[in-house]
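A.B. asks: Pasting a structure below so you can have a look.
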């Protein structure tokens with residue numbers, strides 16, 4: 001198979017415009033991109049081409065080719081198939097240099113680095129129970145100048161403040 005040139009910009013544009021129930025295919029011989037609805041592909045695979053809309057009639061030979069020749073037509077991943085964080089994690093762990101691998105791994109595992117990760121494990125609870133943190137324990141702080149508070153800010157001990165010595 002000979003190498004083909006494909007515009008990455010064109011692929012990105014096509015992927016961004018991709019319908020939710022469709023797949024973008026790349027012709028590995030020509031570099032052509034073709035968006036095919038999942039329902040249309042399934043109809044051709046199941047031999048129900050008569051159920052296809054009339055406006056697809058001209059594209060039917062190409063759709064048949066895409067469905068039949070997986071070696072020529074590569075189905076590209078959709079935005080739902082691409083997990084950026086998993087790609088970075090795989091890259092970090094795949095480094096031969098242990099220092100670089102560790103540094104890369106720490107960089108992506110830092111606070112706020114994984115967008116879908118909870119900062120703390122959430123316990124498995126019933127759906128109507130919402131986990132929360134317990135409030136901090138109450139602390140009683142005596143009023144300023146009180147013997148229970150200590151020196152009251154004068155540098156003297158509580159005993160000295162109460163008249164019991166220096």
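The numbers here are math on the coordinates, done by the rules we state, and not lab data. Since this is a predicted model, take the numbers as computed values, not measurements. Cβ coordinates were reconstructed from backbone atoms using ideal geometry, including for glycine residues, and neighbour counts include every protein chain displayed.
A.B. asks: Here are 58, 75, 38: which of them is touching a helix residue (DSSP H, G or I) at 6+ places or on another chain (Cβ under 9 Å), more than 30 Å from residue 106 (Cβ to Cβ) and exposed (fewer than 15 other Cβ atoms within 10 Å of the Cβ)?
C.D. replies: Values: 58 fails: touching a helix residue (DSSP H, G or I) at 6+ places or on another chain (Cβ under 9 Å); 38 fails: touching a helix residue (DSSP H, G or I) at 6+ places or on another chain (Cβ under 9 Å).
On inspection, the qualifying residue turns out to be 75.
A.B. asks: To continue, here is another question. Of 87, 66, which residue is under 22 Å from residue 8 (Cβ atoms) and touching a strand residue (DSSP E or B) at 6+ places or on another chain (Cβ under 6 Å)?
C.D. replies: 66
A.B. asks: Would you pick out the residues in region 1-32 that are touching a helix residue (DSSP H, G or I) at 6+ places or on another chain (Cβ under 7 Å) and touching a residue at least 40 places away in the same chain (Cβ under 8 Å)? Before you say what the answer is, go through the steps one by one.
C.D. replies: Within region 1-32, the subset touching a helix residue (DSSP H, G or I) at 6+ places or on another chain (Cβ under 7 Å) is 21-25.
If the condition is that a residue be touching a helix residue (DSSP H, G or I) at 6+ places or on another chain (Cβ under 7 Å) and touching a residue at least 40 places away in the same chain (Cβ under 8 Å), then 23, 24, 25 are the ones that fit.
A.B. asks: For residue 89, indicate whether it is surrounded by 10 or more Cβ atoms within 10 Å (Cβ to Cβ) and within 30 Å of residue 110 (Cβ to Cβ).
C.D. replies: So residue 89 passes the test.
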